[in-house]
1. Quick check on B:Val11: is it modelled with pLDDT under 95 and not basic (Lys, Arg)?
2. Go through segment A:71-96 and give me each residue that's farther than 14 Å from A:Val59 by Cβ and away from every other protein chain (no Cβ under 12 Å).
3. Which residue out of A:Ser77, A:Ser62 is open to solvent by 30 Å² or more (accessible area, probe 1.4 Å) and under 15 Å from the mean Cα position of the chain (by Cα)?
4. Condition first: under 19 Å from B:Ala89 (Cα atoms) and either open to solvent by 50 Å² or more (accessible area, probe 1.4 Å) or over 14 Å from the mean Cα position of the chain (by Cα) (or both). Now tell me which residues in segment B:40-53 satisfy that.
5. Only residues that are open to solvent by less than 10 Å² (accessible area, probe 1.4 Å) and either more than 16 Å from B:Glu141 (Cα to Cα) or at the interface with chain B (Cβ under 10 Å from one of its Cβ atoms) (or both): list them for segment A:110-119, please.
6. Please specify each residue of segment A:120-143 satisfying the condition of being within 25 Å of B:Phe134 (Cα to Cα) and open to solvent by 20 Å² or more (accessible area, probe 1.4 Å).
7. Conditions: (1) within 11 Å of another protein chain (Cβ to nearest Cβ); (2) surrounded by fewer than 17 Cβ atoms within 10 Å (Cβ to Cβ). A:Glu30 meets all but one. Number of the miss?
Amino acid sequence: MTGALVAVGTLLLCAVVGLVLRARNGRVREGRGSRGTTVELVPEDVRAVLDPAAAVTLVQLSTTFCTPCRHTRVLLSDLAGRTAGLAHTDIDLTDRPELAKALSVLRTPTTLAVDAHGVELLRVGGVPKREDLLTALRPHLPG
Amino acid sequence: MSEQPTPEEAVPTPARPSVDPRGPRFAAWLTTAVLLVVLFTGWWPLLAAQAVVFALGAFAGLRFSPYAALFRALVAPRLAPTDEREDAAPVRFAQGVGFGFAVLGSLGYALGVTGLGVVATAFALAAAFLNAAFGFCLGCEAYLLINRLSIKQRKVGTAR
């Protein structure tokens, strides 16, 4: 009897969690760079991989065990290739839990949009939605 | 999943093991059904059998999983062929996570610790159902979280 109740409860809970995750997936959120008046830079390890020539670098955080990371990689590298001032790079967090913690990343893929100074402008959890991301990036890109 | 990139954005698939993504999805539905039966009946030999299925997929390879064989024999011939491929590594990792829960659950039921059996099976059910219904791979997502939580242990030198 307990088992049956647990089974039904689990399914209901998962249905809710699944719907919430689906709704949140790919949504562009505000970055953690500027809180109030203080400006915070991303960790040195991330600043090291920024493209100095680009106004904004999309820093994709991935792990080995992550199928949507592959879809994200394809989408973002294509987007960066077609957009002036935009670069794309990928950091593998599989063996770097410290960096995941420093960046407050719980899931992969997470994509950070970081400007040339190292300020995190935006972040996207899950596979980004191309048009939404481009619209959000527009104010930070040249021209 | 609705958020797959369109075909023209797809890059040539690298020479890594890959699967038709509908295979694991079908397997996840079967797993969901099996785990539901386990929870309703408490019949642990079925859970142990599911553990063997998980183990075959995780450690031997996805094509050795009986569910994959069922998919190939019964389902795939009725579906339109697809070029869409999915990396096999995340799916195998998730099967490994499922194996852990299934073993734990079987031990719980078999040794009379029914609470452990129910909870472990419920975790496996949650993962299977999220994968089946939403294409959301809990085992893959949890990898980062488990790794983060393990930082502390690593500092005191415990191998993980």
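The values are calculated or read from the model by the stated rules, or taken from the named source; none is laboratory data. Keep in mind that what you see is a predicted model, and the values were worked out from it rather than measured. Don't worry about glycine lacking a Cβ; one is built from the backbone with ideal geometry, like all the others, and counts go over all protein chains shown. Please note that ligands, DNA and RNA were not included when accessible areas were found on the heavy atoms of the full protein model with its side chains. Shrake-Rupley method; radii C 1.70, N 1.55, O 1.52, S 1.80 Å.
1. yes
2. Answer for segment A:71-96, where residues must be farther than 14 Å from A:Val59 by Cβ and away from every other protein chain (no Cβ under 12 Å): A:Thr83, A:Ala84, A:Gly85.
3. A:Ser77 is the lone residue from the list that is open to solvent by 30 Å² or more (accessible area, probe 1.4 Å) and under 15 Å from the mean Cα position of the chain (by Cα).
4. Across segment B:40-53, the qualifying residue is only B:Val52.
5. Correct list: A:Thr110, A:Leu112, A:Ala113, A:Val114, A:Gly118.
6. A:Lys129, A:Arg130, A:Glu131, A:Asp132
7. Going through (1) within 11 Å of another protein chain (Cβ to nearest Cβ); (2) surrounded by fewer than 17 Cβ atoms within 10 Å (Cβ to Cβ) one by one, A:Glu30 breaks only (1).
To keep it simple, each residue is scored yes or no on (1) surrounded by 22 or more Cβ atoms within 10 Å (Cβ to Cβ); (2) without any contact (Cβ under 8 Å) to a residue 40 or more places away in the chain; (3) hydrophobic (A, V, I, L, M, F, W, C); (4) within 14 Å of another protein chain (Cβ to nearest Cβ).
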site	(1), (2), (3), (4)
B:Val38	yes, no, yes, yes
B:Ala55	no, no, yes, no
B:Ala60	no, yes, yes, no
B:Pro77	no, yes, no, no
B:Asp87	no, no, no, yes
B:Val113	no, yes, yes, yes
B:Gly117	yes, no, no, yes
B:Leu145	no, yes, yes, yes
